[in-house]
1. Is there a quick way to get the dipole size of the stretch 426-510? I mean about its Cα centre, with the Cβ of Lys and Arg at +1 and of Asp and Glu at -1; what is the value in debye to the nearest 20?
2. What is the set of long-range amide H partners of residue 331 at a cut-off below 5 Å, with H atoms built 1.01 Å from backbone N?
3. Once phi is turned into θ = phi - 60°, what whole-Hz ³J(HN,Hα) does the Karplus curve with 6.51, -1.76 and 1.60 give for every residue of the stretch 441-449, x standing for Gly and Pro?
4. In nm, what is the difference between 0.36 nm times the number of residues separating residue 470 and residue 137 and their Cα-Cα distance?
5. Assuming 0.692 mPa s and 37 °C, estimate D for the stretch 395-564 with Stokes-Einstein, Rh taken as the Kirkwood radius over Cα pairs, in µm²/s.
6. How high is the FRET efficiency from residue 409 to residue 544, r the C-beta distance, R0 25 Å, rounded to 0.05?
7. Apply the Karplus parameterisation 6.51 cos²θ - 1.76 cosθ + 1.60, with θ equal to phi minus 60°, to every residue of the stretch 343-358 and state each ³J(HN,Hα) to the nearest whole Hz, in sequence, with x for glycine and proline.
8. Find the centroid of the Cα atoms in the stretch 480-495 and in the stretch 228-284, then give the distance between the two in whole Å.
Amino acid sequence: MEAVIQQTHRRVFALTSASLYCFHSKCPCLSRFSTFNRFRLYGSSGFNEHDTSVSKSLSLSNLAVIHEYKTTKKERKFPLKGENLQVKVSSGKEKIGRNNWKNDVNTKSALAIEGAPLAAKSFSELGLSSLLIEQLEKEGLNVPTEVQCMAIPTISKKHDVVIQSYTGSGKTLAYLLPILSMVGPLKESNGLEENQSNQKSSIEAVIVAPSRELGMQIVREIERMLGPAYKRLVQQLVGGANRSRQEEALKKNKPLIVVGTPGRIAEISAAGKLHTHACHFLVLDEVDELLSFNYREEMHRILEHVGRRAGAPSSGVLGPLARRSDRQTIMVSATVPFSVVRAARSWGVNPLLVRANGVVSLNSVPVSESGSSTAALSTSSSVTQAAVGSLPPGLKHYYCVTKAQHKVDTLRRCIHALDAKLVITFMNHTKPLKDVVFKLEARGMKAAQLHGDLSKLARTTTLKKFKDGEIRVLATNELSARGLDVPECDLVVNLDLPTDSVHYAHRAGRTGRLGRKGTVITICEEPEVFVVQKMRRQLDISIQLCEFSEGKLVICKEEADKLEV
Ligand SMILES: Nc1ncnc2c1ncn2[C@@H]1O[C@H](COP(=O)(O)OP(=O)(O)OP(=O)(O)O)[C@@H](O)[C@H]1O
């Protein structure tokens, strides 16, 4: 074990000697592993030998401490019963929570994770309330996914977490289930608490998502769990919808959970119509997107107000985004760049990084220094670090080369060749989407456009038609790249290149959801091929060159080899 660690140290020494030294020698969780358990450092694709340009940096993937029974593509889906995850959370400088809600996070941190069942074959093994398990069974949900096995017990123990797992792996229920097990009508019944909460009925959870579509999707997932009788306990606060109606609903229904986009939540909060100071949970879904400059002011307000108890001191020297020990902060994404690690550390109390194959203390994950002289390299390595492990292993990736004016025709031939049922095709701008739809429809293929300039009603209707199979091709932009769950979507086509590999990952992740088959095809022009190759390296996946001939997809092996740099 020690030898493996030392060898790993040598390989990354040039980049991170100081931080890795701290990670190993000072992190109690790692030294504990060395002594009592058979662990190894996970040397994944981040140490990819063939990639000399970008992937030698440290990544969450290659630094995650994993159990020796880590599942691989070919292994069983769930580890054997009795294989417990044993992670001792760093105890060196634990902050003491300010109220009862989070006190036990600090005092029982080691114990909290030790019982996490890696071996769950059913939701009942994860400590959820019996009412919730009944509801899950009614909905035909019996077996938790790997990331749910890890996240549910960790969140139930009230830890602040960052959940990182590939697209379509069930991250939404991974955070919703423990919340619903602790608040609202499905929680484990406790007469005393029941009476108290009935009297108070304040907002218990705020869930923020970057798009209306994703927000509505999360609302529907909560409604599905709550059932028709308690639907009113979740309230959507998304932009584009009537704000006064949302405010009235807040007043009338007294929801326990609100789900919304940053702008609308911040707007209603600033108007004094959303009372979240006593709120226990703040979920930031697609957290890396929410951290982008676009949402800066709104997120600032949300982080400032959610979970701040009346009379609590203002953030003072810690800055406006300082941690609030009164609330549990849950951050979620398939892609977790350094910026998220840094943010999570400053907002959370001893935050943990939860992935399908293990849980580690986020404080032990090294991040690159912001503002370093090698800013460009730092950005590139952050992209690589965020992108690796973000895609389901079963997805097939291809690219084909064509002239700009033939792209739509290539798209059509590609759909026929693969006999794809539901296709999402991405472009970078809104204007040309209409043209694509027109050309496809002219050749008898049902298509529609979806973008942010359409009304909320038009967007909802189009999405519903697509999900119902009335539309075969959805031509869209980045709006639909994040979180959108259309399980039957079997093909994603990039008609324009995504900006980087993180964007590639989120677009690609709209297909191949939860173990289903899925294909991703990038249609590019000759001068753009090097970008595809760069993304291939950063994502550490195979993207094969192909062409469409006689109604079939043909892989051009030789060409691909020739083009390889
Ligand atoms: N345990 C389960 N059993 C069966 N289906 C599940 C289970 N958990 C989640 N699902 C379904 O899997 C699909 C994908 O889940 P979800 O949208 O939460 O993925 P995700 O990891 O959040 O993806 P993304 O990163 O793209 O947002 C959804 O249709 C969801 O209802």
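Only the coordinates and a few stated rules stand behind these numbers; no lab work does. Not measured: the values here are computed from a predicted model. Counting neighbours? That spans all protein chains shown, and the Cβs are built from the backbone with ideal geometry, glycine included.
1. On the way: 14 positive and 11 negative charges, 51 e Å.
In debye, rounded to 20, the stretch 426-510 gives about 240.
2. When sequence neighbours closer than 5 places are left aside, the close amide H contacts are 161, 162, 163, 284.
3. Residue by residue, the stretch 441-449 yields 5, 4, 9, x, 10, 5, 9, 8, 9 Hz.
4. On the way: separation 333, 0.36 × 333 = 119.88 nm, distance 2.98 nm.
Gain in length upon complete extension: 116.9 nm.
5. Numbers: Rh = 16.0 Å.
The Stokes-Einstein estimate is 206 µm²/s.
6. Details: r = 21 Å, r/R0 = 0.84.
In this case the efficiency is close to 0.75.
7. 5, 4, 5, 7, 8, x, 9, 6, x, 10, 9, 9, 10, 4, 9, x
8. 28 Å
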